[in-house]
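Computed from the coordinates by the stated procedures, all read-outs in this text should not be read as laboratory data. This one's a predicted model, so the numbers in the text were calculated from it and none came from an experiment. Cβ atoms come from the backbone with ideal geometry, glycine included; neighbour counts cover every protein chain shown.
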């Protein structure tokens, strides 16, 4: 009888690199060799397992058994027990999510499930192998264009019907964005993938790029075909070393398979992709600042309108889409818009990739249907507050979002519901703050961030961020804070109305929400 | 490496400026951009020196001052802040005997701060030449610095 080959996937990303995964992988390989298991065990790399695991983690197929928080001395146990005898090593398995849910009073049967659309390959395939991407159904959306003869208009209709909204934070309908650019007549058009992830507390774009880079390339090809663009750019922040390396390799491999370049799969459609590295500027996540940066200039946002859809890169019609948005495209084309509507809410179909960070037991990324509540995310999937301290606050959507207290826990998370509560879903960052943190100090740190990152082009933001930082330092526990607080709130109103871009405009969210929800700390 | 050689890897479209600047800086001893090299880059991309300075000074990854072999960048954004990022900075200042944005006398380390590095689940974090280190505490920081000091001595 032929022995079944066991596949061990080892998660290689910042989280595991920090814990020493390189050494772990090396020793694992040596031990496989020493035990003469090379023919029956295949070890390869994969992306993140999200909140499912902690520290160095692996998954073994068949069976998909997860092992978490591994140390080098655990390797022998895994090889002797699981690989040789076929008995899973119970004590190395992470606490299953169903247990975390029931521990916090949720019925695992009724709770929302992790639905992996965007992350379906992350933690399952080797991101450096185009063949593994193709085997798992990758580039089927591009093939569908070639084989079923889908016209650009058909693609735009599918995306419009799907109700997909931009996952960078603004929630603008993607199909509509594409249609605007498709209707422009121009000799050149561009597709830009915005991978300048800089919103504090967010790592989902990095983990998507590291875990499944071809998905982004496929999304860009389809976007290019739909709007009539022949050139695409992936703009990745300069600090994301592994993302850059994996995307460079993915682009190269896609050219080799003729999925990029001239006459892709005989469709007559030409599409090229180039990678551009940022050089450290939060504001470049704003689409027009990003365009300026690609053009080799300072990343100063432009005055809108005109929007990039009409006049973008080199003043040509340009679609700028976030990484997560583009990662949704291929599954929608393959499975249809109706399928997409089976996830999430009516106005916000699909899923959202949340980044769970701060004082939480299981930090990491998790993909859940739109409309999930913070209570489910934090106390269910995230396992609750670290060290069993009390929950004080949640900073939702990144530093530019609002800070909520416990009373917000049951609000459904989608673009519109969060907005109604005076906040932003933003990047989907969920920063959990326990009751050890002083909110004045926290606000000071948030304002320091914006003061540092204001590009200085427009006066309300340049001076406003500096003044807010000066003012927050004047707040004290015994003083007359009311005047300072009202001055700060007024200043954020002015900045909201008069700043050129969302950087200055959005300060109204953290500042006002902290004073509103944690006012007792400023008395 | 010769700057003219680096520049020739790129066509002279301004679109390539930032990529070329990364390349020049990475290949310059002291991890910085020399005025002479910026003049050459300005000529190559058909810009004035002041315009190219404007670009260089906008981005936090570029420096016009010579820096150490290893650039330590400590994250100061809110997720790292609540996990004690300011202690990390203080420890490093003490350990290296330098202030923020300074370089050690042996030209080994430069201490900088950075905004969110997107590795918040390991907060507090810092990067050394873009390699991320997380869950930092006194012990870990000491070991990391020791590791780089030994690497310098060719161990």
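Stretching the chain fully between residue A:462 and residue A:5 yields a gain of 158.5 nm (0.36 nm per residue, less the alpha carbon separation). Between rounded, prolate and oblate, where does the protein assembly as shown land on the alpha carbon gyration tensor, with a ≥ b ≥ c its root eigenvalues, rounded for a/c under 1.5, else prolate if a/b exceeds b/c? Note, shape of the protein assembly as shown comes out rounded. For the range A:6-94, with equal point scatterers placed on the C-alpha atoms only and solvent neglected, what are the log10 I(q)/I(0) values from the Debye formula at q = 0.12, 0.15, 0.26 1/Å, to two decimals? Treating every Cα as an identical point scatterer, log10 I(q)/I(0) equals -0.30, -0.48, -1.60.
Pull out a ≥ b ≥ c, the square roots of the eigenvalues of the alpha-carbon gyration tensor of the range A:51-184, then state rounded if a/c is under 1.5, prolate if not and a/b is larger than b/c, and oblate in the remaining case. Prolate shape, in that a/c is at least 1.5 and a/b is the bigger ratio.
A Förster distance of 56 Å, applied to the separation of the beta-carbon atoms of residue A:335 and residue A:76, puts the FRET efficiency at 0.85. Across all C-alpha atoms in the range B:3-58, the radius of gyration and Dmax reach 10.0, 27 Å.
Taking R0 as 41 Å, what FRET efficiency do you get between residue A:95 and residue A:144 from their Cβ-Cβ distance, rounded to the nearest 0.05? Walk me through the intermediate numbers first.
Numbers: r = 40 Å, r/R0 = 0.98.
That pair, residue A:95 with residue A:144, gives E of 0.50.
Arrange A:345, A:318 by Cβ neighbour counts within 10 Å, fewest through most, would you?
The fewest-first ordering by Cβ neighbours comes to A:345, A:318.
What order do you get for A:178, A:339 when you list them from fewest to most C-beta neighbours inside 10 Å?
A:339, A:178
How many percent of DSSP beta bridges within the protein assembly as shown run antiparallel, rounded to 5? Here the antiparallel bridges make up roughly 50 percent for the protein assembly as shown. Applying 1/(1 + (r/R0)^6) with R0 = 25 Å to the Cβ-Cβ distance of residue B:14 and residue B:101 gives a FRET efficiency near 0.30.
Relative to the current alpha-carbon distance between residue A:40 and residue A:270, full extension at 0.36 nm per residue lengthens the span by 78.6 nm. Where does helix B:17-26 land angle-wise versus the long Cα axis of chain B, in degrees 0 to 90, nearest 10? Relative to chain B, helix B:17-26 is tipped by roughly 60 degrees. Computed over the Cα atoms of chain B, the ratio of the radius of gyration to the Kirkwood radius (Rg/Rh) comes to 1.02. Helix content alone sets the calculated 222 nm mean residue ellipticity of chain A: runs of n ≥ 4 DSSP H residues at -39500 (n - 2.57) each, divided across all residues, give -11000 deg cm²/dmol.
Here, the range A:237-298 yields an orientationally averaged convex hull projection of 5.0 nm² when only Cα atoms define the hull.
Largest first and in whole Å, the equivalent-ellipsoid semi-axes of the range A:129-196 read 23, 18, 14, each the square root of five times a Cα gyration tensor eigenvalue.
Computed extension gain for residue A:102 through residue A:22, at 0.36 nm per residue and net of the alpha carbon distance, reaches 25.3 nm.
Scaling the Cα radius of gyration of the range A:351-434 by the globular reference 2.2 N^0.38 Å produces a ratio of 0.95.
Under 25 °C and 0.890 mPa s, how fast does the range A:227-370 diffuse according to Stokes-Einstein, given a Kirkwood radius computed over C-alpha pairs? Answer in µm²/s, whole number.
On the way: Rh = 17.7 Å.
Rounded, D is 139 µm²/s.
Please state the shape class of the range A:439-522: rounded when a/c is under 1.5, otherwise prolate if a/b exceeds b/c and oblate if not, all from the C-alpha gyration tensor. Prolate shape, in that a/c is at least 1.5 and a/b is the bigger ratio.
If you take the Cα atoms of the range A:285-432, find Rg, then find the Kirkwood Rh from the mean of 1/r over all pairs, what is Rg/Rh? Walk me through the numbers before you get to the answer.
Values: Rg = 17.8 Å, Rh = 17.1 Å.
Ratio of gyration radius to Kirkwood radius for the range A:285-432: 1.04.
Taking the fewest neighbouring Cβ atoms within 10 Å as the starting point, the ordered list for A:310, A:199, A:147 is A:147, A:310, A:199.
Taken as Cα centroids, the range A:85-109 and the range A:187-216 sit 32 Å apart, rounded to the nearest whole angstrom.
Expressed per residue, the C-alpha convex hull volume of the range B:70-152 stands at 76 Å³.
Under the definition of Cα pairs under 8 Å and six or more residues apart, what whole-number percent is the relative contact order of chain A? Mind dumping the intermediate values first?
Numbers: 1044 pairs, mean separation 73.3, N = 523.
Over chain A, the number comes to 14 percent.
Over all orientations, the range A:130-340 has a Cα convex hull whose mean projected area works out to 10.7 square nanometres.
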